[in-house]
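What follows draws every value from the coordinates through simple rules; no lab data is involved. In this text the structure is predicted, and so the values were computed from the model without any measurement. Glycine also receives a Cβ, built like all others from the backbone with ideal geometry; neighbour counts cover every protein chain displayed.
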Amino acid sequence: MAGIKDVASRAGVSVATVSRVLNDHPAVRADTRARVLAAVAELGYRPNTLARSLRTDQTRTLGLVISDVLNPFFTLLARSVEDEARALGYSVIIGNADEQPDLQDHHVRTLLDRRIDGLLVSPTDGGSPLMLDAARSGTPMVFVDRWIPGVDVPVVRTDGRTAVRDLVAHLYALGRRRLAIIAGPAATTTGSERVDAFREALSEHGLELPEEYVGQGDFQADSGRRATARFLALPRPPEVIFAADNLMALGAMDEIRARGLRVPDDVALAAFDDIAWFVHTDPPITAIAQPTGELGTRAVRALVERLEGRTPPSVTLSARLMVRRSCGASAPEGSTR
């Protein structure tokens with residue numbers, strides 16, 4: 001029976017190129033793809049995935065543990081991870097941590113027991129003993145979006161500081177001075193980083209972030225609603241509420257409307273993590289957009305590099321501000337900064 005080396009020899013390409021063609025990788029030239037497929041047909045080659053895994057001790061399976069599958073950001077991230085993994089010849093098993101460290105550890109343990117080849121994780125906290133042990137024991141792993149400081153694992157993430165600075169400058173230009181934030185969990189890197197970036201951006205305009213203008217959320221809608229209710233009950237409520245993720249922003253909008261108030265006339269609203277729905281709300285929500293698809297793609301490529309024995313560098317991508325009408329924008333709808 002013909003093997004993959006026979007196909008490569010007949011087509012005049014490398015074994016790696018044959019593998020890319022068989023896995024529909026987009027980076028193969030059309031004429032090369034045609035030669036490989038012709039050789040496959042001529043030789044009657046049929047890949048045997050099970051036999052290959054037994055010979056190499058590989059399952060061609062990656063694990064992905066995300067923080068909340070109901071969050072549109074993580075849904076899109078999982079989609080891009082699965083697409084890129086499939087293109088490189090891998091399947092993906094997904095675990096939803098639901099922002100719970102114990103559930104995160106359950107999924108990590110289960111995936112490792114199933115002999116996955118590598119693990120992609122968006123940590124829900126600062127690092128459980130299980131996560132730390134897995135990382136330090138040499139398990140091929142990549143952190144995506146969030147990370148655990150001090151752990152020697154490649155990180156694929158977005159730096160939102162410039163976009164947050166652009167947002168605050170935009171709000172300042174609109175005459176907004178009392179700005180509040182609904183923060184994510186301080187135990188997560190994204191939770192603490194976004195508050196720090198917001199405070200730094202305010203200071204550039206001579207503004208402060210009083211403690212009463214910091215609401216503690218958990219990246220889910222109910223916490224956004226609760227924080228907004230507390231803000232609006234203050235003697236001097238904020239003029240702007242910046243939610244550090246999309247679900248908390250939707251919760252904030254629900255609370256604003258429940259009180260008979262209008263966005264942006266009574267209070268402006270902005271969010272981190274743009275989603276497709278935001279252009280359809282009334283008014284459309286100003287948001288900071290992450291390159292979510294590229295995050296997933298780059299994370300898979302980094303993990304595959306580790307599986308191939310290389311040491312991939314960490315990757316930092318840039319976010320951008322999408323200006324819409326929820327802050328009283330004078331800029332064209334959907335413009336970027």
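The calculated P(r) of the range 183-337, using every Cα pair and 10 Å bins from 0, goes 10, 36, 34, 13, 6, 1 in percent. Summing charges over all other residues whose Cβ lies under 15 Å from the Cβ of S9, with Lys and Arg as +1 and Asp and Glu as -1, gives +1.
Here the range 251-337 was treated as a single set of alpha-carbon atoms; its pair distances binned every 5 Å from 0 give 3, 13, 20, 16, 12, 9, 8, 7, 6, 4, 2, 0 percent. When +1 charges are put on Lys and Arg Cβ atoms and -1 charges on Asp and Glu Cβ atoms, the dipole computed for the range 62-145 relative to its Cα centre reaches about 320 debye. Couplings for the range 7-12, taken from phi via the Karplus curve 6.51 cos²θ - 1.76 cosθ + 1.60 with θ = phi - 60°, read 5, 4, 5, 5, 7, x Hz in order; Gly and Pro are left as x. Charge dipole of the range 254-299 (Cα centre as origin; +1 on each Lys and Arg Cβ, -1 on each Asp and Glu Cβ, all else neutral): 40 debye, rounded to the nearest 20.
Charge tally for A187 (other residues, Cβ to Cβ under 13 Å; Lys, Arg +1; Asp, Glu -1): -3.
Could you work out the Kirkwood radius for the range 103-189, taking every pair of different alpha carbons, averaging 1/r and inverting it, reported in Å?
15.2 Å
Based on the Kirkwood approach, the hydrodynamic radius assigned to the range 26-177 is 18.2 Å, with every pair of different Cα atoms included. Set against the labelled values [x] 30, 26, 22; [y] 28, 25, 19; [z] 45, 22, 16, semi-axes √(5λ) of the Cα gyration tensor in Å computed from this structure falls on [z]. Placing pseudo-labels 7 Å out from each Cα toward the beta carbon at T110 and L317 gives an inter-label distance of 2.7 nm. Computed over the alpha carbons of the range 161-244, Rg followed by Dmax gives 12.0, 33 Å. Between the residues G89, V155, A134, the greatest Cα displacement towards the positive end of the dipole of the range 86-218, with unit charges on the Cβ of Lys, Arg, Asp and Glu, is found for G89. Among the GluC sites (Glu not before Pro) within the range 193-235, those in coil by DSSP and having at most 13 neighbouring Cβ atoms inside 10 Å are E204, E208. The charge dipole of the chain, taken about its Cα centre with unit charges on the Cβ of Lys, Arg, Asp and Glu (plus for the first two, minus for the last two), comes to roughly 980 debye.
Kindly express, to the nearest 10 degrees and within the range 0 to 90, the angle between helix 101-113's C-alpha long axis and the longest C-alpha principal axis of the chain. For 101-113 against the chain, the angle is about 0 degrees. Against the chain, whose longest principal axis comes from its Cα atoms, helix 292-307 is set at around 40 degrees.
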